[in-house]
Amino acid sequence: MGKFEPKVPVNLDPPKDDPITLEELAKANVTTLALLSQLLSQSFSQSFSQSSSNQKPLSSWINVERRSERLIHTNALTPIQGKVYDVSANKAYREGGTYNVFAGKDASRALAKSSKEPEDVQSEWRDLDEERQGTLNDWITFFSKRYNIVGVVQGATNME
Ligand code: HEM
């Protein structure tokens, strides 16, 4: 068995390279709350309106769904070396979770330094010594065996 294998096998999707802006990542928590309430009220009105004749076309619900899917995921996305991992399945990265500090910003430096200090949660890692770059590579192996890559930070300057 290879290094850092998950205890339970994880089926991963092919990595995506959709651009995700830093603003989208940073706004994540607020947007998610706003969006969840929006979704709830919409699904209520949808079920109420099912019997009436003026229903919204299905395509507009699908759009709401797609947009919300994307925004909800931005609540717990952790970019490392510019690649955005969807860590939303793990509550450790959500609001109030132990590793929430890593969500929404590039966590490369923090992971390299084994640090949870907010000032270390940033993208630059090239100036670090070899040992720390090795630690970062180990974390990348860890994340890439567990989490889907859903995009790339737009304009990232810290990729390999
Ligand atoms: C008192 C200190 C710490 C303790 C007791 C601790 C404990 C743990 C435990 C028990 C896990 C779960 C391991 C597993 O799922 O197999 C974990 C995961 C993790 N720890 Fe820590 N940790 C500590 C400090 C840190 C620090 C300083 C960092 C900063 C880099 C860190 C980053 C992580 C990350 C990224 C994960 C992976 C979470 C995931 O995606 O599954 N930890 N830690």
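The values are calculated or read from the model by the stated rules, or taken from the named source; none is laboratory data. As the structure is a computational prediction, the values presented were derived from the model and not from experiment. For neighbour counting, all protein chains shown are included, and Cβ atoms are generated from backbone atoms with ideal geometry for every residue, glycine included.
Per-residue answers, yes or no, for (1) surrounded by 17 or more Cβ atoms within 10 Å (Cβ to Cβ); (2) away from the ligand (no atom under 12 Å from the Cβ); (3) not in a loop (DSSP other than H, G, I, E, B):
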| site | (1), (2), (3) |
| --- | --- |
| Tyr85 | yes, no, yes |
| Gly97 | no, no, no |
| Val101 | yes, no, yes |
| Lys105 | yes, yes, no |
| Arg126 | no, yes, no |
| Ile140 | yes, no, yes |
| Phe143 | yes, no, yes |
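Taking first residues from region 98-124 that are farther than 16 Å from Ile140 by Cα and in contact (Cβ under 8 Å) with a residue 24 or more places away in the chain and partners that are part of a helix (DSSP H, G or I) and more than 10 Å from the ligand (Cβ to nearest atom), the Cβ contacts under 7 Å between residues at least 6 apart in sequence or on separate chains come to Gly104/Leu25; Gly104/Ala26; Gly104/Ala28. Every test in (1) at positive phi; (2) surrounded by fewer than 17 Cβ atoms within 10 Å (Cβ to Cβ); (3) at pLDDT below 90 is passed by Gln81 save one, and that test is (2).
For region 109-124, the tally of residues that are part of a helix (DSSP H, G or I) and more than 11 Å from the ligand (Cβ to nearest atom) stands at 2. Take the conditions (1) touching a strand residue (DSSP E or B) at 6+ places or on another chain (Cβ under 9 Å); (2) farther than 18 Å from Asp13 by Cα; Thr135 misses just one of them, which is (1). Checked against (1) farther than 22 Å from Gly134 by Cβ; (2) among the acidic types (Asp, Glu); (3) at pLDDT 55 or above, Glu69 passes all but a single condition, namely (3).
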